[in-house]
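The values are calculated or read from the model by the stated rules, or taken from the named source; none is laboratory data. Since we're looking at a predicted model, the values are computed, not measured. All Cβ positions, even for glycine, are placed from backbone atoms using ideal geometry, and neighbour counts span all protein chains on display. Only protein heavy atoms, including side chains, enter the accessible area calculation; ligands, DNA and RNA are left aside. Shrake-Rupley method; radii C 1.70, N 1.55, O 1.52, S 1.80 Å.
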Amino acid sequence: NNDLAISLLEDTKEIDPIASYKLYFYYMDKNKIEDAFELLNFAATNDVKAAQQELSKLYRSGEYVERDTDKADHWDEQYQDKTNSFTNKIYGI
């Protein structure tokens, strides 16, 4: 059930960066750009590699946010650094 899945993600979005990252796509689909960007930032700041890569792409392209190559480079560097990964911290992989 899609509504139940969204509800569960909503319940954990402030403590689970992976939930925030997954909910980001839902918010983008619903055109809630500001909320989506906030979720993506939370996920990226908490070392979700896919979120860091997504932020780098957004800042580089200037789509939905003001183009900023310094921020794009910063998030790309974070993405490339595989030693700090949320998945690693949780699952040890």
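Tabulated results
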quantity: Candidate set: region 1-36, residues that are polar (S, T, N, Q) and either assigned to a loop (DSSP other than H, G, I, E, B) or more than 11 Å from the chain's Cα centre (by Cα) (or both); chosen: the one modelled with the highest pLDDT; calculated: Asn31
quantity: Of all residues making up region 37-55, the number that are crowded, with 19+ Cβ neighbours inside 10 Å, part of a helix (DSSP H, G or I) and in contact (Cβ under 8 Å) with a residue 24 or more places away in the chain; calculated: 8
quantity: Odd one out for Tyr59 among (1) aromatic (Phe, Trp, Tyr); (2) open to solvent by 40 Å² or more (accessible area, probe 1.4 Å); (3) under 26 Å from Gln80 (Cβ atoms); (4) outside any loop (DSSP other than H, G, I, E, B); calculated: (2)
quantity: Yes/no for Tyr91 being at pLDDT below 95 and out of contact with any helix residue (DSSP H, G or I) (no Cβ under 9 Å at 6 or more places or on another chain); calculated: yes
quantity: Candidates Thr83, Thr69 - the one that is polar (S, T, N, Q) and modelled with pLDDT of 95 or more; calculated: Thr69
quantity: Region 37-93, subset small (Gly, Ala, Ser) and under 17 Å from Tyr24 (Cβ atoms), residue farthest from the chain's Cα centre (by Cα); calculated: Ser61
quantity: Total residues in region 75-92, condition surrounded by fewer than 16 Cβ atoms within 10 Å (Cβ to Cβ), in a helix (DSSP H, G or I) and of a type outside the set (S, T, N, Q); calculated: 4
quantity: Condition check for Asp70: free of Cβ contacts under 8 Å to residues at least 24 places away in the same chain, open to solvent by 90 Å² or more (accessible area, probe 1.4 Å) and farther than 21 Å from Leu8 by Cα; calculated: yes
